[in-house]
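As structure tokens, the structure follows; a few thoughts come after it.
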Amino acid sequence: MAIVVRRAVPKDLPVMLDIYNDEVLHGSATFDVTPKTLEERQVWFNAHTWPARPLLVATDGNCVLGYASLSDYKPKEAYAGTAEISVYVARDARGRRIGRQLVEALIEHAKREPSLHVLVSIVCAENAASLALHRKLGFREVGTLHAVGQKFGRY
């Protein structure tokens, strides 16, 4: 079945939460270290207002395989035109170009959204797949923050 990228709806949230919490516990795509509750992620979900802060899912039939979002980069007003990309793909769905499809969809959306000026993505140095994806899609590295987060007993 073909992968379909669409706007996320509330019924997608439990699977999105599972995908996120798997990364919290086993990966470095997020520096959260404590799994989130459905209530916490509902607040996050509600903060993604269309069209400036979209939340997209990739599905194969009725199954959510991954999601991506544009979120506020910083809370200060001058950053209003800047959005941060986040992308998460279920562990068993990786390697199927789902992350790429999600990020490409966000980029295309952002090109049409007049309130958006620039997209940024903060990627952990050990996340080689995400770094490669962003480079392929035209992002460039502008800096490295060394030892700013601790997870799994290491910085």
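The values are calculated or read from the model by the stated rules, or taken from the named source; none is laboratory data. Quick caveat: nothing in here was measured; it's all calculated off a predicted structure. Ideal geometry is used to build each Cβ from the backbone, glycine not excepted, and the neighbour counts take in all protein chains shown. The accessibility values were calculated without ligands, DNA or RNA, using every heavy atom of the protein model including side chains. Shrake-Rupley method; radii C 1.70, N 1.55, O 1.52, S 1.80 Å.
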Worksheet entry | Lone qualifier among LYS76, LYS36 - being more than 16 Å from the chain's Cα centre (by Cα), open to solvent by 20 Å² or more (accessible area, probe 1.4 Å) and over 18 Å from ARG96 (Cα atoms) | LYS76
Discussion item. Please count how many residues of the range 116-134 are at pLDDT below 95, over 13 Å from GLY27 (Cβ atoms) and either open to solvent by 100 Å² or more (accessible area, probe 1.4 Å) or part of a loop (DSSP other than H, G, I, E, B) (or both).
Written reply: 2
Item to complete: Inspect all residues belonging to the range 39-55 and state whether any of them is part of a loop (DSSP other than H, G, I, E, B) and under 21 Å from LYS151 (Cβ atoms).
Response: no
Worksheet entry | Qualifying residue in the range 98-111 (condition: open to solvent by less than 20 Å² (accessible area, probe 1.4 Å), at pLDDT 95 or above, part of a loop (DSSP other than H, G, I, E, B) and within 23 Å of ASN21 (Cα to Cα)) | no
Worksheet entry | Among the candidates GLU84, GLU126, residue that is touching a Leu at 6+ places or on another chain (Cβ under 9 Å) and farther than 22 Å from ILE3 by Cβ | GLU84
Worksheet item: Does VAL24 satisfy being within 23 Å of LEU131 (Cα to Cα), in contact with an Asp or Glu (Cβ under 9 Å, 6 or more places away or on another chain), open to solvent by less than 10 Å² (accessible area, probe 1.4 Å) and not in a strand (DSSP E or B)?
Response: yes
